Each structure stands twice: as C-alpha cells, then as structure tokens.
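Working notes, beginning with the structure itself.
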Amino acid sequence: MSRPIRLAINGYGRIGRCVLRALYESPLKDHFQIVAINEPADLATMAYLSQFDSTHGIFPGKVEQGADCLLVNGKTIQVSHARNPEEVDWTSLNLDILLECSGQYSAREDIQRFIAAGCPRVLVSQPGNSAQDVDFTVVFGINDVGISGRELIVSNASCTTNAIIPVLTALHEAYGIEHAFLTTLHSVMNDQPLIDGYHHADLRRTRSAMQSIVPVATGLAQGVERLMPELAGKIQAKAIRVPILNVSAIDLMVKLGQDVAVKELNALLIESTNRYPGLLAYSNNPHASVDFNHNPHSAIIDGSQTRTNGDGFANLFVWFDNEWGFANRMLDVAKVWSSRF
C-alpha cells in the first residue's frame with residue numbers, strides 16, 4: 001500500500017503502550033498510522049502513562065490529552081472506552097489491522113467478535129488457546145514467510161516463544177535436539193498483587209509479587225511444539241516469576257544429537273545472530289538483567305553462561321526484554337502481513 005497502514009490498539013496496558021511507543025521510536029513510524037485506541041481506563045491516565053513510564057522512561061516526544069483523543073507528537077489518535085468489541089464503531093475507522101493487546105481474547109469465537117464488529121484483521125498479542133483459534137501463529141524471522149495475506153486472525157505468539165524459537169531452530173538444524181527443558185525466569189506481571197490478596201485462582205499468584213520468587217504455569221512447551229512440530233513430545237517447560245519490573249531470561253537445558261564443545265556452540269550462536277539480524281544478539285560480557293531493558297531484540301544469548309557436559313548435554317542462557325522486544329515484533333509482523341494483502 002502506498003498510504004500508511006491504519007492500525008488500532010485494543011487494550012492499552014503494558015504491551016499496548018509499548019507498541020505505540022515502539023512505533024514512534026522505530027524506522028516504521030512512517031509506515032503505520034495508529035488511528036484509534038480502545039481502553040476502559042480514563043483518558044487522563046492514558047495520556048499520563050503514555051508520557052511517563054517507570055520501566056522505559058519518559059516518552060521521547062509529547063503526549064497530550066485532547067477531546068476524546070490522544071495527541072501524540074501532534075497527531076490525533078481517537079480514544080474509546082468500551083469493554084466489549086461490539087461497543088466500538090470499528091468500521092468507521094477504515095482499519096487495516098487491529099492490534100489486540102488486552103490479553104483477554106484467546107478463543108477464536110471471542111476474537112471473531114472484533115471481525116464481526118468491523119475489524120478486517122486482528123493481530124493478537126498472545127497465543128490462541130489452540131492452533132485452530134487463529135489462522136496463523138508467527139514468530140517473526142522464522143515463519144513469517146508463510147503469511148499469505150488472506151488471514152483474518154494472526155497470533156504474534158508469546159514473548160518467550162519469540163525468544164527461544166530462533167535459538168532452538170539453530171540448535172536443531174546444526175545438531176538435532178533430542179530433548180529440551182526450558183525454565184523461564186520472568187519479571188512480575190499485572191496478574192500478581194503487590195501484597196498478598198485475592199487476586200488469582202492460582203494460589204501462588206495471590207502472594208506478593210515483590211517479596212517472593214513465584215512459580216507459575218506456562219504454555220511455552222505447547223507454544224514451541226506449535227511452531228516446531230518435529231519437537232513434539234521432546235519439550236518440557238516451567239516458569240518462575242522474579243521480583244523485578246522488566247527483562248526476563250530462559251535457562252535452556254538441551255540434549256543434542258552429538259557432543260559439542262562450549263567454543264563450538266558459542267560460535268554457532270554468534271553465526272546465528274547474522275542469520276537473524278535484529279532478532280538475535282550475542283554477548284560475552286558479565287551481565288545483569290537491567291542491561292537489557294528497552295532492548296528490541298527477541299533474544300540476547302549470554303555466551304558467558306554456555307555450558308556443556310558430555311553426552312550431548314548443553315545449557316544456554318537467553319535474555320530478553322519481555323515488553324519491548326515483543327512490542328517490536330508485533331510491528332514487524334504487522335508490516336509483513338500488510339505487505340501481502
């Protein structure tokens with residue numbers, strides 16, 4: 001299309017605000033136009049949290065509150081406060097893609113409510129409940145070539161899936177993966193309370209997010225198998241929330257089809273960063289998680305933590321900004337998708 005691609009955001013929480021901000025900090029800012037946001041919160045708070053962010057700092061521009069709109073660097077973004085897809089006049093917005101960032105819609109029958117209400121296409125910021133709940137699940141840089149442009153519902157997978165799939169792909173193609181165990185160390189999320197409270201059906205998530213390391217359920221193994229069906233039955237995963245605001249990591253224990261020395265394994269990972277530019281990065285420096293705040297890569301491999309132990313066993317450590325990297329991938333997927341319809 002010669003004109004900017006018209007986007008709307010449904011759900012203006014952590015990911016929704018990061019998507020908007022990532023666009024204004026991205027070379028893609030002239031490729032897209034965000035024309036509308038639907039968010040139940042009040043407009044004054046939306047404007048304030050767009051301008052000031054405890055994790056990513058002050059917005060590098062100007063956000064103002066208008067009459068039923070946000071003014072971002074002088075450009076008008078229409079704002080509505082509906083709690084249901086049917087309550088927004090999506091048709092009048094002449095959208096190309098709705099970015100569904102609320103995290104509340106993962107079943108096909110629920111996502112299709114946006115289609116029925118006038119959105120031509122929906123890019124969902126989480127995996128569907130199953131592969132059948134979306135038309136295509138994308139990990140940008142891995143399988144985005146498979147987007148035809150005829151899809152109505154596309155999933156951007158999860159931040160953890162985007163982080164680990166490029167690494168697993170490189171390992172599997174080079175050595176073969178016999179088994180893998182993924183442990184995600186994830187920063188706190190808004191489904192956890194600051195202090196103990198009646199916050200979630202999972203009793204662990206009733207405990208204070210900032211006082212404890214909290215194990216939680218994860219669908220990462222299923223997400224990997226959806227993208228790499230050749231690994232079905234070979235992947236296990238668990239997740240642990242840690243009391244930091246942002247940046248996460250995956251501790252990957254893998255049994256490869258052959259023994260590999262640390263130096264050889266790191267050389268493969270370094271080469272993979274050339275294969276996946278902008279997605280994978282590599283560092284051998286002594287890092288802490290804060291070093292990767294606001295990092296746009298899907299994953300940063302920490303070569304200093306690579307270990308091998310004979311019989312094909314290897315242990316890798318992968319950092320990722322679970323907000324910023326994922327928000328940038330949503331824009332990448334939207335660009336690819338829009339180039340094909």
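The values are calculated or read from the model by the stated rules, or taken from the named source; none is laboratory data. Predicted model only: the values in this text are computed from it and were never measured. Every residue, glycine among them, receives a Cβ derived from its backbone with ideal geometry; neighbour counts consider all protein chains shown.
For beta carbons closer than 8 Å, sequence separation of 6+ or different chains, a first residue in the range 38-61 that is farther than 27 Å from PHE292 by Cα and touching a residue at least 12 places away in the same chain (Cβ under 8 Å) and a second that is hydroxyl-bearing (Ser, Thr, Tyr) and assigned to a loop (DSSP other than H, G, I, E, B), the qualifying pairs are ASN38/TYR12; GLU39/TYR12; ALA41/TYR12.
Condition check ((1) under 23 Å from LEU23 (Cα atoms); (2) in contact (Cβ under 8 Å) with a residue 40 or more places away in the chain; (3) surrounded by 17 or more Cβ atoms within 10 Å (Cβ to Cβ)) across all residues:
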| site | (1), (2), (3) |
| --- | --- |
| LEU93 | yes, yes, yes |
| SER102 | yes, yes, yes |
| GLU109 | no, no, no |
| CYS119 | yes, yes, yes |
| GLY128 | no, no, yes |
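In the set ILE270, ILE235, only one residue is in contact with a strand residue (DSSP E or B) (Cβ under 8 Å, 6 or more places away or on another chain), of a type in the set (Val, Ile, Thr) and crowded, with 17+ Cβ neighbours inside 10 Å; that residue is ILE235.
Within the range 208-237, being assigned to a loop (DSSP other than H, G, I, E, B), touching a residue at least 12 places away in the same chain (Cβ under 8 Å) and farther than 22 Å from GLY13 by Cα holds for GLN211, SER212, ILE213, MET228, LYS234. Taken together, ILE153, ILE164 contain a single residue that is outside the structural domain of ARG108 (by TED's automatic domain parsing), within 15 Å of the chain's Cα centre (by Cα), β-branched (Val, Ile, Thr) and farther than 14 Å from ASP332 by Cβ, which is ILE164. Selection within the range 175-203: residues that are of a type in the set (Val, Ile, Thr) and not in a loop (DSSP other than H, G, I, E, B). The member of this set that is farthest from the chain's Cα centre (by Cα) is ILE177.
Of the residues that make up the range 182-201, is at least one outside the structural domain of MET253 (by TED's automatic domain parsing), among the small types (Gly, Ala, Ser) and either surrounded by 22 or more Cβ atoms within 10 Å (Cβ to Cβ) or under 21 Å from SER248 (Cα atoms) (or both)? Within the range 182-201 (the criterion being outside the structural domain of MET253 (by TED's automatic domain parsing), among the small types (Gly, Ala, Ser) and either surrounded by 22 or more Cβ atoms within 10 Å (Cβ to Cβ) or under 21 Å from SER248 (Cα atoms) (or both)), the answer is no, since none of the residues qualifies. Kindly establish whether THR45 is out of contact with any helix residue (DSSP H, G or I) (no Cβ under 9 Å at 6 or more places or on another chain) and farther than 25 Å from TRP337 by Cβ. Spelling it out, THR45 is indeed out of contact with any helix residue (DSSP H, G or I) (no Cβ under 9 Å at 6 or more places or on another chain) and farther than 25 Å from TRP337 by Cβ.
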